[in-house]
Structure formats: C-alpha cells, structure tokens
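The values are calculated or read from the model by the stated rules, or taken from the named source; none is laboratory data. Small disclaimer: the values here were computed from a predicted structure and weren't measured. Cβ placement follows ideal geometry from the backbone for every residue including glycine, while neighbour counts extend to all protein chains displayed.
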Amino acid sequence: MFELVQAGGWLMVPILLCSVISAAICVERFWTLRATQIVPKNLLVQVWNWIRNNEMDNKKLRELRAGSPLGQILAAGISNQRRGREQMKESIEEVANQVVYSGLAPPVQQQYRCQTYGSSQDCFPRRIPK
C-alpha cells in the first residue's frame, strides 16, 4: 500500500485524507440514522392505543415529543388535530423541516402554548431562537 502512495507522489496525500474523512462521515451517519433511533419499535402502536383509549394528554404529548424525531412529528399533528386539515398539515411540515434540518442550523428551542376548548386542548409551536 505504501508503494502505491509513494508512486502517486504528493497528490496521493490529499486523496487519502479525503478518503479517511468520507469514511468517518459514513460511519457517523450510519450510527446517527439508525432505524431504532428515528422510529422506535412499537411507537405507532403505542400512540394509536393512547388515542383509541382517549388517554392522550399533555404529559403523553411531551413524552412523545421527547422520545424520537418521529415522535416530534406525530405530536405536532396530534396537538393540532382539531384545528383542521390544513393547519395540522402545516404544523407537521414545519416540525418535520425542523427535525430534518436540525443538524444544519443552530438549534431552535420549542415552546408550546396550549389552549383549552372544553375537554380538549390544542398546542401550537412557538419558535424561540437560542
């Protein structure tokens, strides 16, 4: 191997360096984007049971948001379900964009303001830059 590097001359050093860096990036992406990290096992079944049994409350929504990236997206849709399809879709898209691009932009702290309507409660994200 050293003979190949030596035969290539000084131009081989940056090529090798770039190869090592790209391999490190690949390993980091495989580690970060594990399926169990993004979509925990039985998450959808658990959320569906909470909704079906009418157990979804603010505590469960906070737990869902904190659990995984998919949980953040599901919580956005669930918390805006009574606001209509367009509002719910818009909130899901906004949170999904934040989840997808969270590694590229400075972190945004999420705070939710909640309003109670009879026995139900809707929560809306309010962005606060750090």
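Annotations for the structure displayed:
- For residue 47, the conditions (1) modelled with pLDDT of 85 or more; (2) surrounded by 10 or more Cβ atoms within 10 Å (Cβ to Cβ); (3) more than 25 Å from residue 75 (Cβ to Cβ) all hold with the exception of (3).
- If you go through the stretch 47-82 and keep only what is without any contact (Cβ under 8 Å) to a residue 24 or more places away in the chain and either aromatic (Phe, Trp, Tyr) or touching a strand residue (DSSP E or B) at 6+ places or on another chain (Cβ under 6 Å) (or both), you end up with 48, 50.
- Scanning the stretch 89-106 for residues that are touching a helix residue (DSSP H, G or I) at 6+ places or on another chain (Cβ under 6 Å) and free of Cβ contacts under 8 Å to residues at least 12 places away in the same chain yields no hits at all.
- When residues of the stretch 46-63 are limited to those that are of a type in the set (Asp, Glu) and not in a helix (DSSP H, G or I), the one nearest to residue 99 (Cα to Cα): 57
- Reported count of residues in the stretch 1-45, each being assigned to a helix (DSSP H, G or I) and of a type in the set (D, E, K, R), is 3.
- Qualifying positions in the stretch 94-115 - of a type outside the set (Ser, Thr, Tyr), at pLDDT 55 or above and within 12 Å of the chain's Cα centre (by Cα): 94, 95, 96, 97, 98, 99, 100
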